[in-house]
Amino acid sequence: MQKTDIKCLVPDLPDVAEVLPYLHEMQANRWYTNFGPLNQRFEAEMIDFFAAQGSSGLSVGTFSSATTALELVLRAMQLPRRGRVLIPALTFPATALAVINAGLEPVLGDVDPDSWELTANDAQAAHSDKPFVAVMPVAAFGKPVPVQAWQDFQRISGVPVILDAAAALGQQAVPTDLITVFSLHATKPFGVGEGGLIATSDTQLLARARSLSNFGFAGTGGVVQQAGTNAKFGEYYAAVGLAQLKRWPEVMDRRSAVNAAYRQRLAPFEGRIRLQAGSEDFTPAVFPVYVKDKAKAITQAMAAAGILTRHWYLPLLHNHPALSHLEAVKTGTDVKTGADTALKACMQLEDSLIGLPFHGFLSDADIDRICQVLEQQL
């Protein structure tokens, strides 16, 4: 087996010494889960975190993962059972699984060929043809979702929008009139190990979702008011989250420096590779590049050189056996066959996207080596 010298992702979590004071506090409290003091403080500090970025008037709830947060907020919205929810076909399977687990039907939409994200314009066209009960745009690869377009869509259509911004915490604007969900998984830029956040101004909706995360208990009598599950965020993870908040500027400085180094090193390849549209304006969660029809060959060359790569978010959702039955939005007619077409842009990306190593511990020498292998295959 080829030795891997350069990893694709390396989590950037606090050292033990940074977390230890919170663990001592947890031990003194003898409170380890069930919305404990550290959890409450972490939620309050995340509200301040968003406010410092210009998003005030929010409430924040913690969950065991972003997947359970998406599922439970959909359930808390009390949408019609089996209702159709539009999601992009280019996303991590958790987006679709959360919709299914909430008793709803995911419908796959195409993405913009440049931003690689579902657009509000395409959602409006699809909704006008066959309505949806909700739409879930995804911050693909950590690229912030353009909130104004989705606010306009929600206002005009009346269809609720849930932003799956799993990988975009710290980058994504969080408007009060949309529901936003983030991941705290170890591989995300703001990682704590496991966990998810819901940010919303709808306190009643958040209370229902929180109740669902605690078996459906509500009130002081320990009575199940709705059929819930166990998806709470433990005090251990809250401890890591509080430590992570303190070091977040340092984490982002490292990631931003790697991003800048990549962009400089890849500049001579313009025309032979393509980066995600708008990537100059944010620091991504991962680093996909478009190399037309060459992703497989580059993957093999990188592996031979001891460099680990990934193919986010491939295969496309409908190519997973468990999701092959999902409906896709028809977007036109093939001029040669006359057949309906769907997911055209997604399919063009399928053999052409490759995720290069991206984390805060890459050196300039690492980046040079990665780009040298890439250049040999262009």
Of the conditions (1) in contact (Cβ under 8 Å) with a residue 60 or more places away in the chain; (2) surrounded by fewer than 17 Cβ atoms within 10 Å (Cβ to Cβ); (3) of a type in the set (Ser, Thr, Tyr), the single one that residue 200 does not satisfy is (2)
Can you give me the number of residues within the range 298-331 that are exposed (fewer than 14 other Cβ atoms within 10 Å of the Cβ) and either of a type in the set (A, V, I, L, M, F, W, C) or assigned by TED's automatic domain parsing to the domain that holds residue 141 (or both)? 2
Need pairs with beta-carbon distance below 7 Å; first residue farther than 24 Å from residue 167 by Cα and within the range 108-133, second in a helix (DSSP H, G or I); sequence gap 6+ or separate chains. 124/153; 124/157; 127/157
Would you check if residue 32 is surrounded by fewer than 15 Cβ atoms within 10 Å (Cβ to Cβ), touching a helix residue (DSSP H, G or I) at 6+ places or on another chain (Cβ under 6 Å) and either in contact (Cβ under 8 Å) with a residue 12 or more places away in the chain or assigned by TED's automatic domain parsing to the domain that holds residue 237 (or both)? yes
From the option list 85, 107, 111, 60, single residue qualifying as among the β-branched types (Val, Ile, Thr), at pLDDT 95 or above and assigned to a loop (DSSP other than H, G, I, E, B) is 111
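In the list 261, 257, 207, which residue meets the criterion of being surrounded by fewer than 17 Cβ atoms within 10 Å (Cβ to Cβ) and either not in a helix (DSSP H, G or I) or not assigned by TED's automatic domain parsing to the domain that holds residue 34 (or both)?
257
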Right, residue 347: assigned to a helix (DSSP H, G or I) and under 30 Å from residue 100 (Cα atoms) or not? yes
Of (1) outside any helix (DSSP H, G or I); (2) in contact with a helix residue (DSSP H, G or I) (Cβ under 8 Å, 6 or more places away or on another chain), residue 72 satisfies every one except (1)
Could you please find all residues in the range 2-55 being among the small types (Gly, Ala, Ser), within 30 Å of residue 287 (Cα to Cα) and in a helix (DSSP H, G or I)? 51, 52
Scan the range 304-316 and report the pairs whose first residue is assigned to a loop (DSSP other than H, G, I, E, B) and whose second residue is crowded, with 18+ Cβ neighbours inside 10 Å and of a type in the set (Gly, Ala, Ser), with Cβ atoms within less than 7 Å and a gap of 6+ or a chain change. 309/355; 311/295; 311/355; 312/355; 316/89
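The values are calculated or read from the model by the stated rules, or taken from the named source; none is laboratory data. Predicted, not measured: the structure shown is a model, and the values here were computed from it. Cβ coordinates were reconstructed from backbone atoms using ideal geometry, including for glycine residues, and neighbour counts include every protein chain displayed.
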